[in-house]
1. So which pairs qualify, if the first residue must be in the stretch 50-73 and surrounded by 12 or more Cβ atoms within 10 Å (Cβ to Cβ), the second must be assigned to a helix (DSSP H, G or I) and of a type in the set (D, E, K, R), the Cβ gap must be under 8 Å, and the two must be at least 6 apart or on different chains?
2. Which is in a loop (DSSP other than H, G, I, E, B) and modelled with pLDDT of 95 or more, of Phe37, Phe6?
3. Go over the candidates Gly349, Gly366 one by one and state the one that is over 26 Å from the mean Cα position of the chain (by Cα), outside any strand (DSSP E or B) and at positive phi.
4. Could you tell me which residue of the stretch 270-285 is surrounded by the most Cβ atoms within 10 Å (Cβ to Cβ), considering only residues that are more than 21 Å from Gln370 (Cβ to Cβ) and in contact with a strand residue (DSSP E or B) (Cβ under 8 Å, 6 or more places away or on another chain)?
5. Looking only at residues in the stretch 296-329 that are of a type in the set (Gly, Ala, Ser) and over 17 Å from Gly264 (Cα atoms), which one is surrounded by the most Cβ atoms within 10 Å (Cβ to Cβ)?
6. Part of a loop (DSSP other than H, G, I, E, B), surrounded by 14 or more Cβ atoms within 10 Å (Cβ to Cβ), in contact with a strand residue (DSSP E or B) (Cβ under 7 Å, 6 or more places away or on another chain) and modelled with pLDDT of 95 or more, is that true of Gln371?
7. Going through Ile130, Ile108, Ile120 one at a time, which residue ends up being within 22 Å of the chain's Cα centre (by Cα), aliphatic (A, V, I, L, M), farther than 29 Å from Asp238 by Cβ and at pLDDT 95 or above?
8. Go through (1) within 27 Å of the chain's Cα centre (by Cα); (2) surrounded by fewer than 17 Cβ atoms within 10 Å (Cβ to Cβ); (3) among the basic types (Lys, Arg) and name the single condition Lys146 misses.
Amino acid sequence: MKMHTFVSIICGLSLGGLTTLQAGEMNTPPPGFTALFNGVDLTGWHGMGHFDPRKLQTMPEDERKQKRDKDMEDVRKHWTVEQGELVNDGHGVYLTTNEDYGNMEFLIDYKTVAKADSGIYLRGNPQVQIWDYTKEGGKWNIDADKGSGGLWNNSKGAPGKNPMVLADRPFGEWNTFRIIQVKDYTTVFLNDQLVVEHAKMENFWDRSNPLWDKGPIQLQTHGGEIRWRNIFQRAIPDHEVKQMLSEPGFRPIFNGSNLDGWAGPTDNYEVRDGAIVCKPNNGGTIYYHQNLRDFVVRLEFKLPPGGNNGLAIRYPGHGNTAYIGMCELQVLDDTAEKYAKLDTRQYHGSAYGMAAAKRGAQLPVGEWNQQEVTVEGSKIKVILNGTTILDTDLRGINDYMGGSAHPGKERYEGYFGFAGHGDAVAFRNVRVKALR
């Protein structure tokens, strides 16, 4: 049951993308991430070109030092920092992290020019591709027309070699990568669009073996100027890795310990026994910082007697998600006597005030329910404890409860979150799979 109050929430991250930060926040990491570039100098980085990591490991220490010193001379010729941006002139060795990274979520912005060719090496392995996707770039014969973000060094025809969609922005505009590396599986979002989904990154240096467990991040560049900023990394803990591998494409968005990565009135919620719980007599909409278009969310929830909450779908980060978001999907104790005479569009699983869900699939109060929600275009499907309780297209709805308009029902991107109404409803095991 939705309260008719509008809560204004200010988010540090813009709707346009996870790492497109508001003015004054450049190179400041989102919650749960660390910055790999400080916006001032090259601390934490060294130079190294396309070089077999196995060979580097077997080199005597003095030879490795000589190589690094020589590479740093090259870095000083071709890499600079300008107004918080890493700049390369299109030449020289690649900027390489001093630290090695394994299972991680990696965020980075880049801006490049026509005919440039670049990429991001993961664990010292090529690469997430960046290049000129236009015909004038002269590389359509090797699939540049498909766009950036693919695992271009994978074998011909291998999953992930080419991106699923062309997501590059025009030259002169900033692009944003979000890369998830789990074991040797890579997922890539470019400008909030899914371009590679859970594809094996082949070991370029030894295709007979899987990608090694750890290695440096390298920013490859040649053929034209490229600029980088907002370079952030989050180590993915083992329990998340296990879950991601058991449910390909899904990733946890709640770590079970705190609300890192969540925005909105988070002080109105607490983490209790591994679950997000709305504090009594508090509320408001909290949301995870990933901008979503089409997606699937899976979660568990537990209701107290008379419990009332909601799932915020494509929430813009402010206001009442039931009306200016795509919708609020009800989370409600359908058995409570005080709710006996509600409009049918207010019961659990309903798109609040627009489309009624079927009743009867909810487990008794105090037990954990399992729910899956699929959002594609204007369509929403809700499966509760194995039973489909809602399968509707909001686009065709024009009859609203109380005659209240829902201007956000055809919103096609936004955040996922929880719309609390003062009851201790609990949510756990929350994971999301982006569909595009």
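The values are calculated or read from the model by the stated rules, or taken from the named source; none is laboratory data. Model, not experiment: these values are computed from the prediction. Neighbour counts are summed over all protein chains in view; Cβ atoms, including those assigned to glycine, are modelled from backbone coordinates with ideal geometry.
1. Pairs found: Leu56/Arg64; Leu56/Lys67; Met59/Lys67.
2. Numbers: Phe6 fails: modelled with pLDDT of 95 or more.
Selected residue: Phe37, the only one of Phe37, Phe6 that is in a loop (DSSP other than H, G, I, E, B) and modelled with pLDDT of 95 or more.
3. Working: Gly349 fails: over 26 Å from the mean Cα position of the chain (by Cα).
Result of the check over Gly349, Gly366: Gly366.
4. Step one: of the stretch 270-285, the residues more than 21 Å from Gln370 (Cβ to Cβ) are 270, 279-285.
This time we only want the ones that are in contact with a strand residue (DSSP E or B) (Cβ under 8 Å, 6 or more places away or on another chain), so: 270, 279, 282-285.
Values: Glu270: 15, Lys279: 15, Asn282: 16, Gly283: 22, Gly284: 22, Thr285: 26.
Per the stated criteria, the residue is Thr285.
5. The first filter runs over the stretch 296-329 and keeps only residues of a type in the set (Gly, Ala, Ser), leaving 306-307, 310, 312, 317, 319, 322, 325.
Of the ones still in play, those that are also over 17 Å from Gly264 (Cα atoms) are 306-307.
On the way: Gly306: 15, Gly307: 22.
The extreme case among them is Gly307.
6. No; evaluated as a whole, the condition is false for this residue.
7. On the way: Ile108 fails: farther than 29 Å from Asp238 by Cβ; Ile120 fails: farther than 29 Å from Asp238 by Cβ.
After ruling out the rest, the residue left standing is Ile130.
8. (2) is the only condition that Lys146 fails.
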